[in-house]
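Report on one structure; see the data block that follows.
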Amino acid sequence: MIPMANLKKYKGFTLIELMFVVAIVGILTSIALPVYQDYASKSQIYTAYSELASLKKNIDIKVFNGETLFNATDIGWVTGTSQLIQTDPIVTINTSTGEYAIEATIDGNVQPIAKNVKIKLLNTTEGKWTCILTRSTTGGWKDTLAPAQCQLID
């Protein structure tokens, strides 16, 4: 047992104990921050993909009915509603092959790794939708950030 007279000596933490705690917190932060950034980037890329994919049915119907499409608002895109895609997607129709596509760049308020990723959804002559994703030019890109159904290009 500690005598009562010595009890007052043991109040608080020593400097070395505080330094150990700060070091441990620093190590944990250095591990957790990159994992969080990858998770956030992947989430933003998948969300942007989903926003574009939601337009596939509308463009299919319009093309099937022979309607003229000039821009993304013709297929239901509402300008300014996406936090990830600030510039309106581009709709292209190749009248000689029958292929058509929706393409957008992730240019909103996103993680640096996800910035400037281009997503293109292409409907081929067979009527099958494919996804082509252009990697970000920002450093730190990992292929695991892309949706599994997308083909990666540089």
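Reported count of residues in the stretch 113-154, each being in contact (Cβ under 8 Å) with a residue 40 or more places away in the chain and in contact with a Ser or Thr (Cβ under 7 Å, 6 or more places away or on another chain), is 4. Of everything in the stretch 135-144, what is touching an Asp or Glu at 6+ places or on another chain (Cβ under 7 Å) and surrounded by 15 or more Cβ atoms within 10 Å (Cβ to Cβ)? Give them in sequence order. Passing the criteria: only Arg135.
Residue check: is Ile61 more than 20 Å from Gln151 (Cα to Cα) and among the hydrophobic types (A, V, I, L, M, F, W, C)? The answer is yes for Ile61.
Annotation for the stretch 43-62: no member residue is of a type outside the set (Gly, Ala, Ser), at pLDDT 90 or above and touching a Lys or Arg at 6+ places or on another chain (Cβ under 8 Å).
A quick yes/no check of all residues on (1) touching a Leu at 6+ places or on another chain (Cβ under 9 Å); (2) modelled with pLDDT of 90 or more; (3) more than 29 Å from Pro34 (Cβ to Cβ):
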{"position": "Thr87", "(1), (2), (3)": "no, yes, no"}
{"position": "Thr95", "(1), (2), (3)": "no, no, yes"}
{"position": "Ile106", "(1), (2), (3)": "yes, yes, no"}
{"position": "Thr134", "(1), (2), (3)": "yes, yes, no"}
{"position": "Gly140", "(1), (2), (3)": "no, no, no"}
{"position": "Cys150", "(1), (2), (3)": "yes, yes, no"}
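Quick one: in the stretch 108-128, which of the residues that are over 15 Å from the mean Cα position of the chain (by Cα) and surrounded by 17 or more Cβ atoms within 10 Å (Cβ to Cβ) is farthest from Tyr36 (Cα to Cα)? My answer is Asn123. Just to be sure before I move on: is Gln86 in contact with a Ser or Thr (Cβ under 8 Å, 6 or more places away or on another chain) and either surrounded by 19 or more Cβ atoms within 10 Å (Cβ to Cβ) or within 21 Å of Ala40 (Cα to Cα) (or both) in the structure I sent? No.
The values are calculated or read from the model by the stated rules, or taken from the named source; none is laboratory data. All of these numbers come straight from a predicted model, not from anything done at the bench. So basically every Cβ, Gly included, is an ideal-geometry build from the backbone, and we count neighbours across all protein chains shown.
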